[in-house]
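Working notes, structure below.
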Amino acid sequence: MLTREQYDAVIGHCLDGFPDEACGMFSGPLAGPDPSLGGAAAPTGVIGAVHPCRNADASARTYTVDSRDLLRAMRAAEEVGEEIVGVWHSHTHTDAYPSVTDVRQAVDSAWLYAIVSLKHGAPVLRAYRIADGGIAEVPVELVD
């Protein structure tokens, strides 16, 4: 669940980063233990904050979240009792669907992985859970 302001920040960061891929982190609250995650706490689905980050790759085809920006996002989340619960990045030349590289780089099966496609001009944001090589789309709900 994203606020309209958070959504606009994500889309704006992706447009500002064009022609390179842009990226950032989501933070939010965690729920109780989830048996499907081996007892680890799962995100509630509510996004508390978006943290635009620099793409250390400076590439139109790949992204790596800058380590200093990641650390800043982690500290900002911790200050308000939240955790990093996902990542977003843009696809400049393909649809908003995880690539083979995106699946390989998915670091946490509980995270939300959002992709903003800029392929057709108007941005398209879709979100997924990626676990054990499997991809499951999750709905993106915008709230005011």
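Under 8 Å by Cβ, and 6 or more places apart or on different chains, what pairs join a residue from the range 62-85 that is over 23 Å from Gly17 (Cα atoms) and surrounded by fewer than 16 Cβ atoms within 10 Å (Cβ to Cβ) with one that is of a type in the set (A, V, I, L, M) and modelled with pLDDT of 95 or more?
Pairs found: Val80/Ala49.
From the list Ala136, Ala110, pick out the single residue that is over 17 Å from Gly24 (Cβ atoms), without any contact (Cβ under 8 Å) to a residue 12 or more places away in the chain, in contact with a strand residue (DSSP E or B) (Cβ under 8 Å, 6 or more places away or on another chain) and small (Gly, Ala, Ser). Walk me through how you get there before you give the answer.
Numbers: Ala110 fails: without any contact (Cβ under 8 Å) to a residue 12 or more places away in the chain.
The unique qualifying residue is Ala136.
Would it be correct to say that Cys23 is at pLDDT 95 or above, in contact with a Cys (Cβ under 9 Å, 6 or more places away or on another chain) and farther than 17 Å from Ala106 by Cα?
no
Quick check on this structure: which one of Asp16, Asp57 is surrounded by 13 or more Cβ atoms within 10 Å (Cβ to Cβ), at pLDDT 95 or above and over 23 Å from Ser109 (Cβ atoms)? Lay out the reasoning, then the answer.
Details: Asp16 fails: surrounded by 13 or more Cβ atoms within 10 Å (Cβ to Cβ).
So the residue among Asp16, Asp57 that is surrounded by 13 or more Cβ atoms within 10 Å (Cβ to Cβ), at pLDDT 95 or above and over 23 Å from Ser109 (Cβ atoms) is Asp57.
Test Asp34 against the stated conditions and say whether it is in contact (Cβ under 8 Å) with a residue 60 or more places away in the chain, more than 23 Å from Ile115 (Cβ to Cβ) and surrounded by fewer than 21 Cβ atoms within 10 Å (Cβ to Cβ). So that I can check it myself, show each step before the final result.
Working: in contact (Cβ under 8 Å) with a residue 60 or more places away in the chain: yes; more than 23 Å from Ile115 (Cβ to Cβ): yes; surrounded by fewer than 21 Cβ atoms within 10 Å (Cβ to Cβ): yes.
Considered against the rule, which asks whether it is in contact (Cβ under 8 Å) with a residue 60 or more places away in the chain, more than 23 Å from Ile115 (Cβ to Cβ) and surrounded by fewer than 21 Cβ atoms within 10 Å (Cβ to Cβ), Asp34 comes out as yes.
The values are calculated or read from the model by the stated rules, or taken from the named source; none is laboratory data. Quick caveat: nothing in here was measured; it's all calculated off a predicted structure. Neighbour counts run over all protein chains shown; Cβ positions are idealised from the backbone, glycine included.
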